[in-house]
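The values are calculated or read from the model by the stated rules, or taken from the named source; none is laboratory data. Quick caveat, the model's predicted, so the values are computed rather than measured. Here the Cβ positions follow ideal geometry from the backbone for every residue, glycine too, while neighbour counts run over all protein chains shown.
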Amino acid sequence: MASRPHSSRGAPPAKPRPSDGAFADAYREHVAYVWSSLRRLGARESDLEDLVHDVFVTAYRRLDSYDTDRPMRRWLFGIAFRVLSAERRRARNRLEVPSDNIDVASEAPRHDEAAAARRLLMAALAELPIEQRAVLVMHDVDGYSAPEIAESLELSVNTVYSRLRLASAKFAMAARRLQPSRGES
């Protein structure tokens, strides 16, 4: 009698793990996105390289749990959020005092107004708690829906909507407060 392969009843077939080559391709495709996402979440410029590395190391270790039907960017954003949150918790225990200054000098501004708008945006974002900032960035910058954000950050949809509402209000207040007053010519 021929033996039949053992299968668990009702369990979906296991999805294949992406190959190392596919992961290297994903890295090349998404490294700039992860870098800019971490910046928008408030990572210090001096920590960005290490944080991006940590995001991709974590992603590689969790590759077996990655659902290939899910967009890679959302998955990586969720990992980036958790890596940065963990880094901030560790930073509280270090003697080094993190700076809230955001260095935008490394990007050559095309126009003075565009550079000023970017500084205002980053300064207003910096005033939000990271949990609210992550939701606002994913929704308003990356264009994800509340259910997509909830899945990526492992939150309830109601929590996403609540954080989005609070973040939008705080961001608007900060932007108004930080906006330089325009003198009459």
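Just checking, which of LEU128, LEU155 is more than 13 Å from the chain's Cα centre (by Cα), under 18 Å from ARG74 (Cβ atoms) and outside any helix (DSSP H, G or I)? Testing whether each residue is more than 13 Å from the chain's Cα centre (by Cα), under 18 Å from ARG74 (Cβ atoms) and outside any helix (DSSP H, G or I) leaves just LEU155.
A quick yes/no check of all residues on (1) assigned to a helix (DSSP H, G or I); (2) exposed (fewer than 14 other Cβ atoms within 10 Å of the Cβ); (3) over 14 Å from the mean Cα position of the chain (by Cα); (4) at pLDDT 90 or above:
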position	(1), (2), (3), (4)
MET122	yes, no, yes, no
GLN132	yes, no, no, yes
ARG163	yes, no, yes, yes
LEU166	yes, no, yes, yes
PHE171	yes, no, yes, yes
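Counting the residues of segment 35-60 that are outside any loop (DSSP other than H, G, I, E, B) and among the basic types (Lys, Arg) gives 2. For first residues located in segment 27-38 and in contact (Cβ under 8 Å) with a residue 60 or more places away in the chain, partners that are small (Gly, Ala, Ser) and assigned to a helix (DSSP H, G or I) and lie 6+ apart or on another chain with Cβ distances below 9 Å form the pairs SER37/ALA80; SER37/ALA134. Out of the residues in segment 148-161 that are of a type in the set (A, V, I, L, M) and crowded, with 16+ Cβ neighbours inside 10 Å, state the one that is farthest from VAL135 (Cα to Cα). For segment 148-161, the residue satisfying everything is LEU155.
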